[in-house]
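Undergrad: Here it is, the structure in full.
The values are calculated or read from the model by the stated rules, or taken from the named source; none is laboratory data. Bear in mind that the values here come from a model prediction, so they are computed numbers and not experimental data. Because the Cβ atoms are built from the backbone with ideal geometry, glycine has one as well, and the counts that use them run over all protein chains shown.
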Amino acid sequence: MRVGIVGAGPAGVTAAVFLSRYGIDVTIFEKEEIGGLIANAWRVENLPVVFPCSGEELVAVLRKRLEESKVIVIYEEVLSVEDGVLKTKLNSYGFDKLIVATGTKPKRIEDFEVNQNVVYEFKRLPRGIGRLAIYGAGDVAFDGALKAKEMGIEEVHIFNRTDRIRAVPKLVQLALSSGVQYHSFEPVRRVEDRGDELELYTDDGRYQFEALLLCLGRVPNLPVLRGETKNLYVVGDASGNFRQLAIAMGHTTEVCMKIVHGE
Ligand SMILES: Cc1cc2nc3c(=O)[nH]c(=O)nc-3n(C[C@H](O)[C@H](O)[C@H](O)COP(=O)(O)OP(=O)(O)OC[C@H]3O[C@@H](n4cnc5c(N)ncnc54)[C@H](O)[C@@H]3O)c2cc1C
């Protein structure tokens, strides 16, 4: 049996490691880097089988496990999946079963994307900046603020459009005690490019930053899916489950068990 996996984040790597252990012929496709979204995390501490570590450290483990599995990795973006055939810009590949583990994409505010210093993932921030604005008030926003502080970014502001914080209380406390400035009920109305700086406009005033990290939620990110779906499985964050590593990996393992047992 030949299995194609799209996406080498935690879910895709879980599938690759799991299936190759059963001697199944596996190929994994990745459009960027092995490891997926978790590479951005300041600290991962909710997996009881792993000591608390940074997202980058976790990615190093995933990369190593994938290498050891001897699975073929093809660095191409999969554009469509149809009746067992994956299509990339350059090639078509046929498989008996396909696992789509393509994760999520950000909810965008296109009007704010005034230059390359407005980003949706921490790892895309420019290096060497001293002032960062973060828009959003969930785990990802507070995690990003802590990572920014750890990296020596002096001024970090979080803007929340309401007064509701959707983050683990410990992250919030740590961020606030590390000097992150938090603006409740202060939606960002406009962003302007001023060359070396970004100007942010809220109802309370104007602010200057060097970069803006937008953390306003994410939605499933699927390639075009057509035709027969019998041998097609969407796993991990792409399936719309809660955005947690353990769920992404556990869900993938359940699907792989079904594949192994021919269900
Ligand atoms: C800042 C941050 C902190 C986090 N911290 C935690 C935490 O502490 N604990 C926790 O449990 N969870 C955490 N998460 C959530 C966790 O990262 C996700 O739940 C997990 O990464 C989902 O894994 P996945 O493999 O389903 O998707 P992803 O990690 O999104 O991986 C998808 C992969 O597919 C690739 N891909 C996408 N489309 C294509 C295509 N068409 N062709 C080829 N490749 C493609 C992508 O490049 C990516 O590598 C955090 C997330 C963020 C952003």
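Undergrad: Can you tell me how many residues within segment 1-25 are assigned to a helix (DSSP H, G or I) and touching a strand residue (DSSP E or B) at 6+ places or on another chain (Cβ under 7 Å)?
TA: In the first step, residues of segment 1-25 are kept if they are assigned to a helix (DSSP H, G or I); the result is 10-21.
Applying the additional criterion that residues be touching a strand residue (DSSP E or B) at 6+ places or on another chain (Cβ under 7 Å) yields 12, 15-16, 19-20.
The qualifying residues number 5.
Undergrad: Using the structure shown, decide if residue 102 is assigned to a helix (DSSP H, G or I), within 14 Å of the ligand (Cβ to nearest atom) and hydroxyl-bearing (Ser, Thr, Tyr).
TA: Values: assigned to a helix (DSSP H, G or I): no; within 14 Å of the ligand (Cβ to nearest atom): yes; hydroxyl-bearing (Ser, Thr, Tyr): yes.
No, not satisfied.
Undergrad: Could you tell me how many of the residues in segment 197-238 are in contact with a Pro (Cβ under 9 Å, 6 or more places away or on another chain), in a strand (DSSP E or B) and more than 30 Å from residue 3 (Cα to Cα)?
TA: Adding up the residues that qualify gives 3.
Undergrad: Quick check on segment 1-16: of everything there that is within 6 Å of the ligand (Cβ to nearest atom) and aliphatic (A, V, I, L, M), which residue is farthest from residue 172 (Cα to Cα)?
TA: Filtering segment 1-16 down to residues within 6 Å of the ligand (Cβ to nearest atom) leaves 6-12.
Then drop every residue that is not aliphatic (A, V, I, L, M), which leaves 6, 8, 11.
Values: 6: 34, 8: 30, 11: 28 Å.
This residue is 6.
Undergrad: Given 232, 200, 213, 174, which one is in contact (Cβ under 8 Å) with a residue 24 or more places away in the chain and under 19 Å from residue 80 (Cβ atoms)? Working first, answer last.
TA: Details: 200 fails: under 19 Å from residue 80 (Cβ atoms); 213 fails: under 19 Å from residue 80 (Cβ atoms); 174 fails: under 19 Å from residue 80 (Cβ atoms).
Result of the check over 232, 200, 213, 174: 232.
Undergrad: Which of the residues spanning segment 239-248 are in contact with a Pro (Cβ under 8 Å, 6 or more places away or on another chain) and surrounded by fewer than 21 Cβ atoms within 10 Å (Cβ to Cβ)?
TA: If the condition is that a residue be in contact with a Pro (Cβ under 8 Å, 6 or more places away or on another chain) and surrounded by fewer than 21 Cβ atoms within 10 Å (Cβ to Cβ), then 239, 240 are the ones that fit.
Undergrad: Among the residues of segment 17-57, which ones are in contact (Cβ under 8 Å) with a residue 12 or more places away in the chain, more than 11 Å from the ligand (Cβ to nearest atom) and within 24 Å of residue 258 (Cα to Cα)?
TA: Listed by number, the residues that qualify are 17, 18, 19, 20, 21, 22, 24, 25, 26, 27.
Undergrad: Here is a follow-up. For residue 241, only one of the following conditions fails: (1) part of a loop (DSSP other than H, G, I, E, B); (2) within 10 Å of the ligand (Cβ to nearest atom); (3) touching a residue at least 12 places away in the same chain (Cβ under 8 Å). What is its number?
TA: (3)
Undergrad: State which residue pairs qualify: first residue closer than 12 Å to residue 29 by Cβ and inside segment 66-78, second residue polar (S, T, N, Q) and more than 14 Å from the ligand (Cβ to nearest atom) in any location, beta carbons under 6 Å apart, and separation of 6 or more residues or different chains.
TA: 71/20
Undergrad: Here's something else I'd like to know. Of all residues in segment 224-258, count the ones that are in contact with a Lys or Arg (Cβ under 6 Å, 6 or more places away or on another chain) and at pLDDT 95 or above. Even if it seems obvious, please write down each step before you answer.
TA: Of the residues in segment 224-258, the ones in contact with a Lys or Arg (Cβ under 6 Å, 6 or more places away or on another chain) are 231, 237.
Then keep just the ones that are at pLDDT 95 or above; that gives 237.
Qualifying residue count, segment 224-258: 1.
Undergrad: Which one of these is more than 21 Å from residue 138 (Cα to Cα) and either part of a strand (DSSP E or B) or at pLDDT below 95 (or both): 28, 34?
TA: Values: 34 fails: either part of a strand (DSSP E or B) or at pLDDT below 95 (or both).
Matching residue, one of 28, 34: 28.
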